[in-house]
Structure formats: C-alpha cells, structure tokens
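See structure below.
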Amino acid sequence: MTDPLNSVSEMQTPLMSNEASPSDYRRINLKIFLSILGGMLLALIAIRLFAMAMGASGEAFIGRPLGALSYLPQIVQEPTDQVMVFGSSMVDAGFSPRQFDRELKEQGVDIKSYNFGFGGLNPYFQDLLARRIKEHYLQNNKRLKLAVIEFNPFQTTQTRYQGSLAAIDAYFGMLSNEQERFDLLLEDPTRGILVYDIKYLRDSVSAEMVTFYFGQAFRSGRPKPNMEPETEAEVARRRDVNDKLEGRFEQDFPDYVNEPWSFAWQGGGTIPQERSDETVELIHEYFASLRTEYRMQADKLWRAQSADIIELNFEPILVESFIRMVKEFQQFSDAVEIIMLPKNSRYIVNSPEALARQQNVLKQIYQATGVTVRDFQNIPEITPDMYSDTTHLARYSGDVAFTHFLAEYYGELLKK
Amino acid sequence: MIFNTPIFFAFFLVFFFFYGFVFLKHKPRIYFLLIASLVFYGAWNYHFIPLLVGSAVADYFIAQAIFAAGNVRHKKMLVTLSLAINLGILGLFKYADFVLESVADFMLLFGYQANIPTLAWVLPVGISFYTFQSLSYTIDVYRGDMEPRKGLVEFTAALSFFPQLVAGPILRARQILPQMHQFSLPSWHEAKYGMLLITAGLLKKTCADLLAAPVAKAFAVQESVSLLEYWTGVLAFAGQIYGDFAGYSDMAIGIALLLGFKIPLNFRVPYFAVSPVDFWRRWHISLSSWLRDYLYISLGGNRNNHRTRNVFITMLLGGLWHGAAWTFVAWGAFHGVIITLTHYLSTLPIFAAWHSGNGRGIMVIKWAITFYLVLISWVFFRAESLADAGQILLAMHGLASVSLPIAETVQWIIFSLVVLAVGLMHWMDSGILKGGERFVEKPWWFWPLMVLAQAVCLLIGAPSDEFIYFQF
C-alpha cells in the first residue's frame, strides 16, 4: 500500500515564504473556498430533491398541531365564549367539543369548545405551541373563558424525553417564532445554527427524522407479553368489523374535506348523534375487538418501555416546560384548570414510589402556578370497557362519558 | 464545535476566508490561527483555555531551558519538571477521582468505610491529546532529537492547532512546528485529497452514529437480548469506535491539508490486521507510536529481557490513557496479554512456520483469530463495568446463566447491516489508501461522488453525543 500523505508530501508545493505569491495563494484558496461552498450547495439541493421525491416534509410529522395553528386566526374571531382543552393524544381521543357545547347549551351556557389534544408532543413542544396560541389571542384581544390543560404524567418522563430527542430541533424550528430562534442562537450557537439549518435549508426535515423514519423497519417489534397470542377468531373479528367500517365516514359525510386538523368538528370528532345507529354499533364492536387481553398486555409493556408509564421517573425539563405552558395560558384565560385524564387502571398500576414521585410533581406544579391539579385518573364514570388501549378512551363511549363528566364538572364555573 | 455540525461549517468558512484571502503574511497569520484555534476550543468550555495556553507556555520555556542547560543532571531535572506539569494536570483532571474512589473501594474490601471526597471536576476536552503532544516536544529536546524553536506564539499555535486539537492525531513537535514556520500553500491535488478525506470521515462518522443503537442494546445487559444481538452489538461497537475515531482523524487530516498542513494517517484499515501487534501498527497510530517512542523505549524496549514487562506496562498505561476506569485498564491488560502471547508463541518451534506463513489460508485464519480477539477487547472497552463485561462475554459464548431469546429475522437483518457497515468503511479506506491519489485526478468521478457522499451524510444521521474520543 502506498502512503498517500507521504506521497502527497513529496510533491512540489510552492511555499509562501519563498515561492508562492499572494496571488497564487488567493487563486488556490478561491478554488478551495468555492469547492466547499458549491459542494455543500449541491448536496443540499440533492437532499431537497430527495425529500420532494419522497413527499417528505417536516410539517407532515406534526400536521395536526400545525393545522390547528393555521386555524387560530378563524378561532379567535369566534364571538362566543371559548373553552380550550389542551393536551396529548389522550385529550384528542377523550374529549368531544361538539358534545360538550351541546350539553352546556342544555345547561343554558352558550360556549364553543376546542379539542387541542396532540399526539407525540411532550410538554417541551406543547409549551412552544401554547406560546403561539397566546400570541394569536393577545393580538386579537381575545381571552379564553376556560383553559383545561391536561397534565399527562406519561408524557413527562425521562424515557419520553429521550425518545423525543430525534425530533427536538426540527420541531423546535417549526413551533418557535423568529425571536425564540434568535434567542436560542445567542444562548447556544451550536444548536441555534442547527435549528436554522433544519428549518430553512432542509425544509424542517432533519437527518435524525429521516433516519428515524427509515430505521423503523429495522427496529425490533414491540415487546410481546408472555401469554397466548390472540386467536385467529379474534383477529378475524377485528378485520371483519374494520372492513365493514371502511367507507362509512365518506358515506355519512360526502362533502367533508379531510383537513389535517378537524376544524369542522372543533378539533374533535363527530358525535354519536351525527352517525347512524348501525355505524355507532360497528364502532363499539371495533373498539371491543381491540380490547383483547393480549393486546392490552402488549400495549402496557410497550408504554412501560416507551414512556415509563409504571415507574414514572419524571424529566425535570419537561416538568418545567409544563409549568411554563400553564403560565402562558394564564396570560390569556379567565380561568385555567389542570386535569389528569382517566387511565385504564385495570392495566396501568403505578408503583408506590411512582405515585410518590407524581405527588411531588403535582405539588411543584401547584407551587409554581397556583393551580391545583385535578386527578380524574380513576373516576367511576369511566369503566375499563371505555378504552381503546391502556391509556386512550374509545370513541363514542369513553369520550362521550368523559366529556359528559367535564360538562357537569365545569358547568357551574362556565355559567358565571 | 464538532466537525460534522453546521456551526463548524460556518466557523470554517469564515476562518478560511480570512486565512486564505486576508492574513497572508506569516505573523498575522500565526496570530489569527492561534485565536481561531482558541475560539474553536473555547466553544466547548472557555474556562480551560488558560490551561491549554499554560501548558504550551510552560513547555516552551522548559524546552529552551533544557537546551541551554549545561549538564545532564540539570536537563533531567527540567524534563522531569515538564513531565510533572503535564502528567500532573492530566492526573488531577482525569485520574484523581478514579484513584480516590479505587482507594475507598480497596479499603472497603477490608471492612473499612472510607468517606473520601472526590473532586468531580469537568475533564477539559482534548487534554490527553495536547499534553502528550506538548510532552513530546520537551522529551525530544531533552533527547537531542530536535532543537527548541523560537517563537512562543508559533509554538502555542502548533499545540492548539484546531483540526487536531481535541481528538488528535497526536502530532510530534518536530512534525508540526516546521510546517507552522513555513506555511505551505497546498497544491490543488492536495486540496482535493483533503476534501476526499473530509468526505470519507463524514461518511464514517455517519456510519458510526447509525451503529449506536445496536451497541446500546447489547451493552445495556438486559435479559431480553439474544445471543445474536450480543454479537451484533459488539461488532457494531467495533464499527462505531472505528468510524467515529478514524472518521474524526480523517476529517482533521483533510482540514489540515486544505490549510497546507500535512498530518500522517492515524489508521490503516485496522480490522484487516493479522496479529495483535499488526493491529497496533494500524490502530490509532499516533498514540501507539507515541507510547512506543516515549514509554516503551524509555522503559528499555526489547533490551534486558524485559520485553514482556515493558509491553505489558505500555499497554496497561495505554489503556488507562483512554479513561479512568478499570474497564480501560482491563482493555489495556488484555492487549498486553495477547501481544505478549503472540511474541511467546512465535518463539516456539511448533508455531514458527505458522508465524512466518503468509499463504492465503493461513492469513485468513490469522485475521479471524485477531479480529475475534479485538472484538473481545472492545467488550472491556465499552462495558459500564467489569461485571457487565464478564456477563456480555459469557452471553456471547452461550454461557450466560439466563436463557437467551431466539433471534428474530429482523435481528439477522440488523446483523447483516452491521457487517455491511463495518465492511464498507474498510473497503472505502482500503480504496483510498490504494487509489485515493488517482481518484482525485478523475474529475468526472471525483466531484459527483463527493457531492453524493455529502448529501448522504446530510440526509441521514442519528442523535448522538460528541465524538467518542473527545472524552479521552
């Protein structure tokens, strides 16, 4: 083998001190400079073309929250009093704004509520989203009558935070404003430049996100419970119901445009009254088919692995983000409530140490915000057959029951 | 400021603009290079800049004093002072807590609970590299291998030269100081070779980052890890540490070439080694040759029938250089044992023919045995503790007490991809070693492939910490 560096060093290289003139220097350095710039530019164009060809964009990863933000100019123009229920996918699945509004109307309260529940966003990202919502409300001199903020312990763990790191810079770029990005640049130039790079040069698609996306195929599957898997009959039943449900929505709502964020239903879904009895029955059957013992145990294992749902080792960064988020809402809301949504306690049973840690965090939130966290995790109104898995309420049963509970709970407050 | 980040790209463009077009005279250029290097270093933690500059200033004046000293005793005192300063700084920042904790653990063995307070100081990045580099200067002057250079700023700029400051290669003063004095203009050919090395380094770093996931799984020592996943994890770590470190070295050498500095290669396809000694001729060459020249030879080298002892001490300290933990000591000791064993076996008549044989079959067997031993050594290097290392080694050989789950298809796919990644890195390096120079002369291949490789590096990646060798 030859030694390229030794052989390189043997070549004739003019020396600045005695051979190369300043113009020699400038000429070769210009070639180097332009090669570096040109090469990087072409490489960036190549990855933009690749992203375009794949139909990939950063927005696709957080379409629902960005969609919600795009509807905010319309939302703040609504003349009626407003309630916003803000939180995770558990809110998304468990709160029905249209039902809430109907029930409140029956109580004599004219209100418009919104489901601002977003899957995949931990409090760090929710805090950024809350700032954007606040900006719209303050600019339009509008206030929320009531903000109901979900504290989701499962979204606030160290495990959850670690799991979000692949997307943190890209999401920050999409959810932050110019001032926040500039502040980050001054505070942490390394990360600041990275965020600018991802947002403006890479169309919000970071290398980590691409790797995460393509790497999914090579990850080991979800953990499997040590028990008999689902029977063929159980799988067939679910497939059969799913087939029957196919196309039902388009039949019931032929004119509906499938928006990324369902503004038509105020961020939530339809309500049973808007669907045929047969469809509602099929949906009940579908969710029942999801609740096999094997699936529930597998879901529990997966959430323990991906969110530390049993032991709840909290991440201080996320707790602080949550507190900041509550303070954001306090600036444009007449009343702010913090709640914990129901969890499927047949499967999710926290250790005493986890509950002690949770208690400490709730205390910290109260001390920082002055708001008591209302624990609805085990309310009797919600039964185990109202879930689609170990954490999310099922549509048309769980969300109906919980929305009814909230309407009853906050009815008096909203009458004031 | 890591080479594969946008901030370094921005830093380098600004730096290169001034370096290449504005500061063309020697004196302002040296000052500018020094300031840029200190900015680069300070981006991690500017509090340690005085330590770096202090080391340089101390060794600069000590070297002058050694040269001027009238007798050997005086010279010896001065070089001892340099050793004490450099190794003292290293010891204080890197090894003090390890020693204190080990003393406490040792006393606990005898039932004595010692509450020894630790320093818990932050380790200055690159300290192991620049102290060794600085030491080589005073030792070389002491040995009469070189004369001290005039120019404190030039010496400090050489010691803090940013391409290789934080993770090597470890340069000898006699390699870098003359170049710092001359400031060569790189030829266009050299510049292109530099770009080739930078791109190869970026590709290796990308590979290394992608290999992190299977490594983390195997070294977490969980019950749900299969035998195949253990092997995959250890092989992936072999690839990760190589891609990470050799990648950084390549980028450092490439960047230096663009600036007109020539730094010797630090790796030569090490996993193609056919003996443990051969491995160390190919792996982290700047460290292994430093240890050979300044430690092994100082201990007596092959003379006085102490070769075994000297090899063992050298490898043990080489292990400890990487980190203050018993796992690194065990890693160094393991390499000491296999090198010594190789030497011993080569003296036995029964192995003599084998030792000198270079037929294809024999070479493949030698390679397989060497690679297996290197893989075993990486277990010590990466494991969190010696107990973990023991458990992983047992599990890899099917001797774990727990029943290992059966490998799934996806695990075989991951294993194949890891083999492919490690193989590709070596194939690429082998290609650069053999034909890199010819390749840069073929513009229709060179430029499109450079852009494509850069695009691949920009497109994929995984969240990772800094380069692994920064912690050493």
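Here's how it looks for A:ILE338: its modeled amide H is under 5 Å from those of A:ILE149, A:ARG374, which are all 5 or more places away or on a different chain. Taking a ≥ b ≥ c as the square roots of the eigenvalues of the Cα gyration tensor, an a/c ratio of 1.5 or more together with a/b no larger than b/c marks region A:342-399 as oblate. Counting every pair of alpha carbons in chain B, the share spaced more than 29 Å apart comes to 54 percent. Amide H to amide H distances under 5 Å link A:GLY117 with A:GLY87, A:ASP92, where only residues 5 or more positions off or on other chains count and H is placed in the peptide plane.
In terms of Cα atoms, the Rg and Dmax of region B:1-137 work out to 20.3, 68 Å. Rounded to the nearest Hz, the phi-derived 3J(HN,Hα) couplings of region B:39-52 under the Karplus curve 6.51 cos²θ - 1.76 cosθ + 1.60 (θ = phi - 60°) are 5, 4, 5, x, 4, 7, 6, 5, 5, 8, 4, x, 5, 5, where x marks glycine and proline. Per-residue shielding of B:447-460, expressed as the average number of other chain Cβ atoms within 10 Å of the residue Cβ, stands at 6. Per-residue ellipticity at 222 nm, computed for chain A from helices alone with -39500 (n - 2.57) per DSSP H run of at least four residues, works out to -17500 deg cm²/dmol. For a straight C-alpha distance cut-off of 30 angstrom, the lysines reachable from B:LYS150 (same-chain residues fewer than eight places away being disregarded) are B:LYS25, B:LYS27, B:LYS75, B:LYS76, B:LYS262. The 3J(HN,Hα) values that the Karplus relation (6.51, -1.76, 1.60; θ = phi - 60°) gives for region B:323-332 are, in residue order, x, 8, 7, 5, 5, 6, 4, 5, 4, x Hz. Gly and Pro appear as x. Using the Stokes-Einstein relation with a Kirkwood hydrodynamic radius computed over Cα pairs, the translational diffusion coefficient of region B:56-183 at 20 °C and a viscosity of 1.002 mPa s comes to 132 µm²/s. Taking each DSSP H run with n ≥ 4 as -39500 (n - 2.57) and averaging over every residue of chain B yields -23000 deg cm²/dmol at 222 nm. Computed from Cα positions, the angle between helix A:97-106 and the longest principal axis of chain A comes to roughly 30 degrees.
Taking amide H as placed 1.01 Å from N in the peptide plane, the amide H of A:TYR387 sits under 5 Å from that of A:ALA394, each at least 5 places away or on another chain. Temperature 25 °C, viscosity 0.890 mPa s: under these conditions the Stokes-Einstein estimate for region B:261-332, based on its Kirkwood radius over C-alpha pairs, is 189 µm² per second.
Each of B:SER346 and A:GLN273 was given a label point 7 Å from its Cα along the Cα-to-Cβ line. The distance between the two points is 9.0 nm. Simple spin-label estimate for B:LEU100 and B:ALA68 gives 3.9 nm between the two label positions (7 Å along the Cα-to-Cβ direction from each Cα). Charged side chains reduced to their Cβ positions (Lys and Arg at +1, Asp and Glu at -1) give the protein assembly as shown a dipole of some 3960 debye around its Cα centre.
Charge dipole (Cα centre; +1 on Lys/Arg Cβ, -1 on Asp/Glu Cβ; no other charges) of chain B amounts to roughly 1640 debye.
Loop-located trypsin sites (Lys or Arg not before Pro) across region B:146-253 with a Cβ neighbour count of 14 or fewer within 10 Å are B:LYS150, with loop assigned by DSSP. Taking every DSSP bridge with both residues inside chain A, close to 10 percent are antiparallel.
Each Lys and Arg adds +1 at its Cβ and each Asp and Glu adds -1 at its Cβ; summed about the Cα centre, region A:25-135 shows a dipole of about 1000 debye.
Counting pairs of Cα atoms in chain A, how many percent are more than 39 Å apart? Considering chain A, 29 percent of its Cα-Cα pairs are separated by more than 39 Å. Which percent, nearest 5, of DSSP beta bridges in the protein assembly as shown are antiparallel? Taking every DSSP beta bridge within the protein assembly as shown, about 15 percent pair in antiparallel fashion. Within the shell defined by Cβ-Cβ distances under 13 Å, the residues around B:ASP250 carry a net charge of +1, with Lys and Arg each +1 and Asp and Glu each -1. Cross-link pairs exceeding 18 Å in C-alpha to C-alpha distance, out of A:LYS224/A:LYS300; B:LYS204/B:LYS442; A:LYS300/B:LYS217; A:LYS327/A:LYS363, comprise B:LYS204/B:LYS442; A:LYS300/B:LYS217. A Förster radius of 41 Å, combined with the Cβ-Cβ distance separating B:GLU441 from B:SER356, puts the computed FRET efficiency at roughly 0.60. In region B:241-317, a dipole from Cβ-located charges (positive for Lys and Arg, negative for Asp and Glu) runs towards its positive end, and of B:ASN266, B:SER289, B:GLY300 it is B:GLY300 whose Cα lies farthest in that direction. Under a Gaussian network description of chain A, with springs only between Cα atoms under 10 Å, the residue in A:PRO97, A:PRO22, A:PRO153 that fluctuates furthest is A:PRO22.
Derived scalar couplings between HN and Hα for region B:225-233 equal 9, 7, 4, 5, 5, 4, 5, 4, x Hz in order, rounded to whole Hz, by the Karplus curve 6.51 cos²θ - 1.76 cosθ + 1.60 (θ = phi - 60°), x for Gly and Pro.
Remark: region A:148-211 is approximated by an ellipsoid whose semi-axes, taken from the C-alpha gyration tensor as √(5λ), come to 23, 15, 11 Å, largest first.
Overall dimensions of the protein assembly as shown, expressed as equivalent-ellipsoid semi-axes from the Cα gyration tensor (√(5λ), whole Å, largest first), are 58, 32, 27. Highest-first packing order for the peptide set B:92-103, B:330-341 is B:330-341, B:92-103, based on the mean count of other beta carbon atoms within 10 Å.
Between the listed residues B:ALA208, B:LEU196, B:TYR248, the Cα displaced farthest toward the positive end of the dipole of region B:186-249, a dipole computed from Cβ unit charges relative to the Cα centre, is found at B:LEU196.
Note on chain A: GNM, Cα springs under 10 Å; of A:GLN126, A:GLN377, A:GLN82, the largest mean-square fluctuation is that of A:GLN377.
Each value in this text was obtained by applying a stated rule to the coordinates, not by laboratory testing. Everything numeric in this text was worked out from a predicted model, so none of it was measured. A quick note on method: Cβ atoms are made from the backbone with ideal geometry, for glycine too, and the neighbour counts reach across all protein chains shown.
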